Amino acid sequence: MTAQTSPPGSPGEPQATPGAILDAAEWLFAEQGFERTTVQAIGRSVGASPGLIYYYFGSKAGLYRAVLDRTIGGIARRGLAETDPGGDPADAIRAIVRIQAEGLLDRPHLGRLIIREMVDHQASHAEPVIRDVLADLFARLTGVIQSGQARGVFRPGFDPRFAALSIVSQVAWMVTAGPAIGVLLGHGPAGPPAAVRTAFARHAAEFALAALQLEEPSA
């Protein structure tokens, strides 16, 4: 049997792109969960045959892992690319929080996807991207905090790993607890509007830095 080397479909027939399939899958996996979402439903939502999806991603699990890699891994790769571990530690922390916020807060359904993966699967599908990509950004952030401590600009008493977890948890909580936060801030269970989410991201970085930075000596 000859291996298929081109996407299935008739010559000249429009084909859904891998990006369009990932977009549709991301939304459906977030709304319905991995088990309840079928390849057929994903295909119908984007006008792709199941054969085309299998051609690009191999299986439903392969497609799901690709969704997680694009979302979680994409944020981590951008954070690594756009931060200088040898630069100003405060600038690096601001950049990492901003990139995290831009990757998460503009996709409100992403929090639901992450919660489902953590609760339903104990991060088993996400483990490769967490271990191989996100861990590098976590190490970068931890190293930035250690650098700030070594330079005498951050408090020495903090465990850099715990401080890093605290920093990224702020925006993550805004995403995953969006309905509750919307109610608390008076915007309803639809969650806070984009302007409030953006303002919170800026606050999160400055709040973290206020906790980390040594006080200026009084005159």
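Rule-based calculations on the coordinates, nothing more; no lab input. This one's a predicted model, so the numbers in the text were calculated from it and none came from an experiment. Every residue, glycine as well, gets a Cβ built from its backbone with ideal geometry; the counts of neighbours run over all protein chains shown.
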Practice task
Sum -39500 (n - 2.57) across every DSSP H segment of at least 4 residues in the chain, then divide by the residue count to get the 222 nm mean residue ellipticity, nearest 500.
Solution key: -19500 deg cm²/dmol
Exercise for the section: At most 14 other Cβ atoms within 10 Å and a DSSP loop assignment: could you name the GluC sites (Glu not before Pro) in region 40-122 that fit? Expected result: GLU82
Handout entry: Longest to shortest principal axis, alpha-carbon extents of region 172-219, angstrom
Key = 48, 17, 16
Exercise for the section: Treat every Asp and Glu Cβ in the chain as -1 and every Lys and Arg Cβ as +1, leave all other atoms uncharged, and give the resulting dipole magnitude about the Cα centre to the nearest 20 debye. Expected result: 240 debye
Handout entry: Centre separation in Å (Cα based) which lies between region 122-192 and region 54-101
Key = 13 Å
Problem - Ratio of the Cα radius of gyration of region 71-212 to 2.2 N^0.38 Å, where N counts its residues - result: 1.06
Fill in the blank from the handout: In vacuo Debye sum over C-alpha of region 139-219, base-10 log of normalised intensity I(q)/I(0) at q = 0.15 Å⁻¹, listed in q order, is -0.63
Practice task
Compute the distance in nm between two label points, each set 7 Å from the Cα along the Cα-to-Cβ direction, one at THR17 and one at GLU206.
Solution key: 3.8 nm
Handout entry: Rg and Dmax [Cα atoms of region 1-156; Å; Rg one decimal, Dmax integer]
Key = 19.2, 66
Fill in the blank from the handout: In region 100-155, the trypsin sites (Lys or Arg not before Pro) that sit in a DSSP loop and have at most 14 other Cβ atoms within 10 Å of their own Cβ are ARG151
